[in-house]
Amino acid sequence: MYKNLESVPKAYNEPVKSYAPGSPEKAELKAMLSELKSQEIEIPMIIGGKRITTDQKIEIHPPHDLKHTLGHFYRGGAEHVAMAIDAALKAAESWARMPWEHRAAIFLRAADLLAGPYRARINAATMLCQSKTAHQAEIDAACELADFFRFNVQYMTEIYSQQPSSDKGMWNRLEYRPLEGFVYALTPFNFTSIAGNLQTAPAMMGNVVVWKCSNTQVYSAKVLMDLFEEAGVPAGVINLVFVSGPVAGKVVMEHPDFAGFHFTGSTAVFQQIWKTIGTNIAKYKTYPRIVGETGGKDFVFAHKSSNAEQVATALLRGAFEFQGQKCSAASRAYIPDNIWPAVKEKLIADLKTVKMGDVEDFTNFMGAVIDKASFDKLSMYIDNALNDKETEIIAGGGHDDSVGYFIEPTVIVTTDPHYVTMEEELFGPVLTIYVYEAEKWEETLEVVDTTSIYALTGAIFSNDRYATDYAVDYLSQAAGNFYINDKPTGAVVGQQPFGGARASGTNDKAGSYLNMIRWTSPRTIKETFDPPKDYRYPFMIEE
Ligand code: NAD
């Protein structure tokens, strides 16, 4: 059934390019940024391979340059979601029958196209659309997504090779069928790679997909659809709609053929959708697979034995790269009072050198936050911290949306380990630090473990192996991705499978066989070679 599984090319991580001065990639990326800035593009929905426009055109602006218009997308309604479901179901049979080698080849081709001719375009689109620096765009849109494609092909073949044993006289097989129906992929704004993984992982396993991306990621989503088409994904296998989340959800989650939900985004949205699925459960032909990776309140815990410079560097990179808009971003830290003066001094000094602004200026370390709602929310929390008596802002605190949605990298120090910004996910460049008595590190680990509903990522810094061992064990359920002497961000596909538990998601580890296995509904086939012709068993004979 699954021939030549071992012949598939071995997965590897796409090397990250440096964009150093004089490098060809830097010149190519700058030229692409100018090209994209010089035009306004129209972005239709893509349903059954057709470009669909409506009379509702929405303008797209870079978050860091609100006066500039990159183009428009066409907003659809409930009827477009219904069309997308029909198109997906129409494509389902031929796609499910497509031999696995061809599905694999399409996505291996997508990886090479992305790493080659599409690299500058996807990076430039991600920079302009989501306000990522060149480096952040490179590690996300080009490298991580190519890694998802290549490693998922490998995991798919590993899954297919898992076959049962067969006793004498029979042959047992597992057929890894796609789910019966369609998968709904609902994607976040913050990673182009996640936006390109949530529909392709199920599609690779033979499923058809309705994809709704975030309104603030449409511009780079368009490049992904171009890539899928050029790589050979047939019409109808992945259908992209631009519809409000609740409107799309209503059509999808009422449909009897709804068979799977692949989500990354906030915890509140995931919980709401799970409830709706539960309410509608009797309407479906099959129990929908639910996979969701959601929010985080990711911690850095430093032990008294840790190195202050290493801790301060991890805090700066972990909290402020991509404006803290990584689900894994460090947003609460616990620093012992013996190293706090040194950590504070370095953190403040380093932050003074951090530049924020237009991502087309490559000397900037940070861009703008994604939209007005995010800007307003973050500004409110920062302003409250300026006035609250249990908090002090030791760096940043400024915010200005006159040019773009800029929030300064902000460090709040609090005397209350349960202050609101130690508990709630803000999703922006705001780090809150609680300084604890160095000798009370074991008690403080309990605070780390119990403060937040989330369990996505966390890091401990320690040069005392007994303390490291104790913390790793004590915090065993506090994070799905746990780091020792490293920042809590920057997971690499194939190396640190990513996902969290508790309120952070179903922990199905994007970019691993654990995720891929959710998109198949295996059929066991037993074949008997010489079937019995008499119903009686030997035990029934007395003599
Ligand atoms: P979001 O939940 O606002 O949006 C995600 C998707 O859901 C978007 O397509 C959006 O349009 C849609 N949506 C929003 N409200 C909806 C509603 N009421 N009904 C139906 N659909 C709705 O998340 P976001 O702002 O795009 O992304 C940030 C969030 O994603 C953060 O909470 C972050 O922690 C999380 N995230 C988690 C991971 C992870 O791997 N755990 C990775 C990236 C992002």
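Looking at the stretch 193-221, which of the residues that are under 24 Å from Ala491 (Cβ atoms), part of a helix (DSSP H, G or I) and open to solvent by 10 Å² or more (accessible area, probe 1.4 Å) is nearest to the ligand (Cβ to nearest atom)?
My answer is Ile194.
Report yes if Thr294 is crowded, with 23+ Cβ neighbours inside 10 Å and near the ligand (Cβ under 10 Å from one of its atoms), otherwise no.
yes
I need the full set of residues from the stretch 338-360 which are aliphatic (A, V, I, L, M), within 21 Å of Trp441 (Cβ to Cβ) and under 32 Å from the mean Cα position of the chain (by Cα), in order please.
Hits for the stretch 338-360 are Val343, Leu347.
Can you name every residue in the stretch 259-291 that is closer than 28 Å to Ser193 by Cβ, more than 12 Å from the ligand (Cβ to nearest atom) and not hydrophobic (A, V, I, L, M, F, W, C)?
Correct list: Gly260, Pro288, Arg289.
State whether the residues of the stretch 115-125 include one that is part of a helix (DSSP H, G or I), in contact with a strand residue (DSSP E or B) (Cβ under 8 Å, 6 or more places away or on another chain) and either farther than 30 Å from Ala259 by Cβ or in the same structural domain as Leu89 (by TED's automatic domain parsing) (or both).
No, the stretch 115-125 has no match at all.
Among the residues of the stretch 173-192, which ones are open to solvent by 10 Å² or more (accessible area, probe 1.4 Å) and away from the ligand (no atom under 15 Å from the Cβ)?
Arg173, Leu174, Glu175, Tyr176, Arg177, Pro178, Leu179, Glu180, Gly181 - these are the residues of the stretch 173-192 that are open to solvent by 10 Å² or more (accessible area, probe 1.4 Å) and away from the ligand (no atom under 15 Å from the Cβ).
Pairs needed: first member in the stretch 51-75, in contact (Cβ under 8 Å) with a residue 24 or more places away in the chain; second member anywhere, polar (S, T, N, Q) and open to solvent by 80 Å² or more (accessible area, probe 1.4 Å); C-beta distance under 7 Å; at least 6 residues apart or different chains.
The qualifying pairs are Tyr74/Thr53; Tyr74/Gln56; Arg75/Gln56.
If Leu145 meets every condition in (1) assigned to a helix (DSSP H, G or I); (2) open to solvent by 20 Å² or more (accessible area, probe 1.4 Å) apart from one, which number is that one?
The failed condition is (2).
Quick check on my filter: what residues within the stretch 486-511 are without any contact (Cβ under 8 Å) to a residue 60 or more places away in the chain and more than 10 Å from the ligand (Cβ to nearest atom)?
Gln496, Pro497, Ala501, Arg502 - these are the residues of the stretch 486-511 that are without any contact (Cβ under 8 Å) to a residue 60 or more places away in the chain and more than 10 Å from the ligand (Cβ to nearest atom).
Going by the conditions given, is Lys326 in a loop (DSSP other than H, G, I, E, B), within 21 Å of Gln496 (Cβ to Cβ) and touching a residue at least 12 places away in the same chain (Cβ under 8 Å)?
So Lys326 fits the description; yes.
Within 16 Å of the ligand (Cβ to nearest atom) and either more than 15 Å from Asp65 (Cβ to Cβ) or surrounded by 17 or more Cβ atoms within 10 Å (Cβ to Cβ) (or both): does that describe Ile393?
no
For the stretch 419-496, list the strands (runs of 3 or more DSSP E) that sit wholly inside it and hold at least 2 residues that are among the hydrophobic types (A, V, I, L, M, F, W, C), surrounded by 15 or more Cβ atoms within 10 Å (Cβ to Cβ) and over 25 Å from the mean Cα position of the chain (by Cα); which are they?
The strands (runs of 3 or more DSSP E) meeting that bar are 430-436.
So, of the residues in the stretch 67-97 that are open to solvent by less than 50 Å² (accessible area, probe 1.4 Å), out of contact with any Ser or Thr (no Cβ under 9 Å at 6 or more places or on another chain) and not small (Gly, Ala, Ser), which turns out to be farthest from Gly428 (Cα to Cα)?
Here the answer is Trp95.
Among Val369, Val411, which is touching a residue at least 60 places away in the same chain (Cβ under 8 Å), part of a strand (DSSP E or B) and not aromatic (Phe, Trp, Tyr)?
On inspection, the qualifying residue turns out to be Val411.
Within the stretch 499-519, can you find the residues that are surrounded by fewer than 24 Cβ atoms within 10 Å (Cβ to Cβ) and not in a helix (DSSP H, G or I)?
Residues satisfying the conditions are Ala501, Arg502, Ala503, Thr506, Asn507, Asp508, Lys509, Ser512.
For Pro256, state whether it is away from the ligand (no atom under 12 Å from the Cβ), under 30 Å from Ala105 (Cβ atoms) and not basic (Lys, Arg).
No; evaluated as a whole, the condition is false for this residue.
For the stretch 89-96, does any single residue satisfy the condition of being assigned by TED's automatic domain parsing to the domain that holds Gly232, assigned to a loop (DSSP other than H, G, I, E, B), modelled with pLDDT of 95 or more and not aliphatic (A, V, I, L, M)?
No, that holds for no residue.
May I ask you to list pairs of residues, at least six apart or on different chains, whose Cβ atoms are under 6 Å apart, with the first in the stretch 110-128 being crowded, with 23+ Cβ neighbours inside 10 Å and the second being part of a helix (DSSP H, G or I) and among the polar types (S, T, N, Q)?
Every condition considered, the pairs that remain are Ala125/Ser220; Thr126/Thr192; Thr126/Ser220.
The values are calculated or read from the model by the stated rules, or taken from the named source; none is laboratory data. Everything numeric here is computed off the predicted structure, so don't read it as measured data. Virtual Cβ from ideal backbone geometry, glycine too; neighbours counted across all protein chains shown. Surface areas here come from the heavy atoms of the whole protein model, side chains and all, with no ligands, DNA or RNA. Shrake-Rupley method; radii C 1.70, N 1.55, O 1.52, S 1.80 Å.
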